[in-house]
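S.K.: Just dropping this structure here.
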């Protein structure tokens, strides 16, 4: 049995399952609806897969599910997935940690009525680091988010607006931080959006002379840098 988050999981992923597998969409179910169903199928001797989108370690609400399953005597194994920020970087052909430019990646979200943010994790506080910031669940609060980010990032900081990554209608817009909210509103974005805010994305944007904007190179492959696998030449 496959219980899948049908509002977030592309239907094509279910095509690899056995034709005889039970497919249970869960977008209309509460935790109280879902857990007894999972437990019943396990107790019936079936293999049960709870299929989420992206990486289970981020914003998946899996913690509360696992707690209740364990209380019911059901053991769980996690299969790691690819998060939206990783898919976005791959689509953009971008590295989010460029030497001497940015070496930290922050994954965060905007607090809403259903999930409050701890005060120490307010967006403006995180923006103060100037890191590559991956912003989830923010499309409905994009003006507030943009204002918080502009307290520390330059208005011309590159931003990738990534809509429905991994779906057939996926779209990505490259813009500046100062235009992030306007671009989101012009595209009528309200959900399934990831924002990448990072100076590292400058390499994705071509200057008027046709040359890419590049950061400093890593020492790792520099001919003047030596290590145990590439020792200095003998005198």
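Rule-based calculations on the coordinates, nothing more; no lab input. Remember, it's a predicted structure, so these values are computed and weren't measured experimentally. A quick note on method: Cβ atoms are made from the backbone with ideal geometry, for glycine too, and the neighbour counts reach across all protein chains shown.
S.K.: Over segment 84-204, how many percent of alpha carbon pairs lie in each 5 Å bin up to the one with the longest distance?
M.R.: 2, 12, 24, 26, 21, 11, 3, 0
S.K.: Another question, then. Just grab the label-to-label distance for residue 31 and residue 234, each label 7 Å out from Cα along the Cβ direction, in nm (one decimal).
M.R.: 6.6
S.K.: Contact order normalised by length for segment 2-71, with contacts defined as Cα pairs under 8 Å and 6 or more residues apart; what percent is it?
M.R.: Relative contact order for segment 2-71 comes out at 42 percent.
S.K.: So what's the angle, to the nearest 10 degrees on a 0 to 90 scale, between helix 62-71 and the longest Cα principal axis of the chain?
M.R.: Taking Cα atoms only, the helix is inclined about 30 degrees.
S.K.: Note the full-extension length gain between residue 58 and residue 125 as 0.36 nm times their separation in residues minus their Cα-Cα distance, in nm to one decimal.
M.R.: Using 0.36 nm per residue and subtracting the Cα-Cα distance, I get 22.1 nm.
S.K.: Given a cut-off of under 8 Å on Cα pairs at least six residues apart, what relative contact order in percent is computed for the chain?
M.R.: 17
S.K.: Can I ask one more? Can you give me the angle between helix 31-43 and the longest principal axis of the chain, using Cα atoms only, in degrees from 0 to 90, rounded to the nearest 10?
M.R.: On a 0 to 90 degree scale, this one is about 70.
S.K.: May I pose another question? Along its principal axes, what span do the Cα atoms of segment 145-196 show, with the longest given first and each in whole Å?
M.R.: The Cα atoms of segment 145-196 stretch 35, 16, 14 Å along their principal axes.
S.K.: Based on the mean of other beta carbon atoms within 10 Å per residue, what is the order of 159-169, 130-140, 101-111, most packed first?
M.R.: Packing proxy ranking, top to bottom: 130-140, 159-169, 101-111.
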